[in-house]
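Please treat every number below as a calculation from the coordinates, not as lab data. What you see is a predicted model; the values in this text were computed from it and never measured. Because the Cβ atoms are built from the backbone with ideal geometry, glycine has one as well, and the counts that use them run over all protein chains shown.
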Amino acid sequence: RQWKVNGGKCGICGDPYDTPDPKPNEAGGMYAKGIIVRTYHQADVINVTVKITASHGGYFMFKLCPNNDVTKEATQECLDRHVLQVVNSAHGLPAGDRFYEDTRTMNQQVRLQLPDDVTCTQCVLQWTYYTGNTWACDGDKCCIGCGPQENFVNCVDIAITPTSDERPQQQSSSTTATATPATTTTATTAANSSTSDERPQQRASSANATATPATTTPATTAANSTTTSEPRSGCRAAGAYEGKALVDEWCAFSCGYQKPYCPSSHCVCP
């Protein structure tokens, strides 16, 4: 849908671009509750854990928009002005604005530098996963990872307060994001943040929220910790997805949280 219908575009928080406004994950939508899930300070280095349940290769990027009005949706132009820098990296690659997925582990530990010149009562933090596991072409060059690739996107609302003279400028805090397996073969591009329309979506708006295709969920525990829960056994794919192993895996994972997200269109649980 993203490419066949919308020319590679989608909503800034992962909704299909042609979804009528207000989109579910944007201001005024059913999942955008305007809850500030974590407060940081200027120039903090924050810890983000991205949980990958099915490796798709590629890399993550994080962007920030000081929006200061939960009733007004942020814009991609605003987000593009504040691309967060990665402090650490995987595979020995130099740090920059991309974190390349470490396929050796499900839990991707990312450290991000917040800007030293941004404060906000409400900032939109956007996470985009530019995958690289689809065979496609860039002109005459064809390979796995070339051309249009599938993306996962989500947003969360945070606040950033001024740093006092008495407080160190860098403090580690913790945020968790979850990416779920792809259920379609629709190709998307890394040039635009987007998701497949065949997966349920939910903007992370409160602590312990869990959703698909990807959710950024700030932990409720102290800094440098994350919230986890064991999946409930027996949940599996249903309907059009019945028998698909990756969707079985996603249902078992997503339906098992303390606050499960288990859509009947995709999953059934005993």
If amide H atoms are modeled at 1.01 Å from N in the peptide plane, then the residues at a separation of 5 or more from residue 154, or on another chain, having amide H under 5 Å from its own are 127
Counted neighbours (other Cβ, 10 Å), sorted fewest up, put 123, 262 in the order 262, 123
Contour minus Cα-Cα span, residue 4 to residue 97, at 0.36 nm per residue, comes to 30.6 nm
On the formula 1/(1 + (r/R0)^6), with r taken between the Cβ atoms of residue 107 and residue 140 and R0 of 41 Å, the FRET efficiency rounded to 0.05 is 0.60
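How about segment 83-164: which trypsin sites (Lys or Arg not before Pro) there are in a DSSP loop, with at most 11 other Cβ atoms within 10 Å of their Cβ?
Answer in residue order: 104.
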Rounded to whole angstrom, the alpha-carbon centroid of segment 119-157 lies from that of segment 77-102 at a distance of 13
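Which trypsin sites (Lys or Arg not before Pro) in segment 1-66 pass both tests, a DSSP loop state and at most 10 other beta-carbon atoms within 10 Å?
4
Classify segment 1-48 as rounded, prolate or oblate, taking a ≥ b ≥ c as the square roots of the eigenvalues of its Cα gyration tensor: rounded when a/c is under 1.5, otherwise prolate if a/b is larger than b/c and oblate if not.
oblate
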Classified through the alpha carbon gyration tensor (a ≥ b ≥ c as square roots of its eigenvalues; rounded if a/c is under 1.5, else prolate when a/b is larger than b/c, else oblate), segment 1-82 comes out oblate
For residue 72, counting only lysines whose alpha-carbon sits under 21 Å away and dropping same-chain residues fewer than eight positions off, the answer is 9, 23, 33, 63
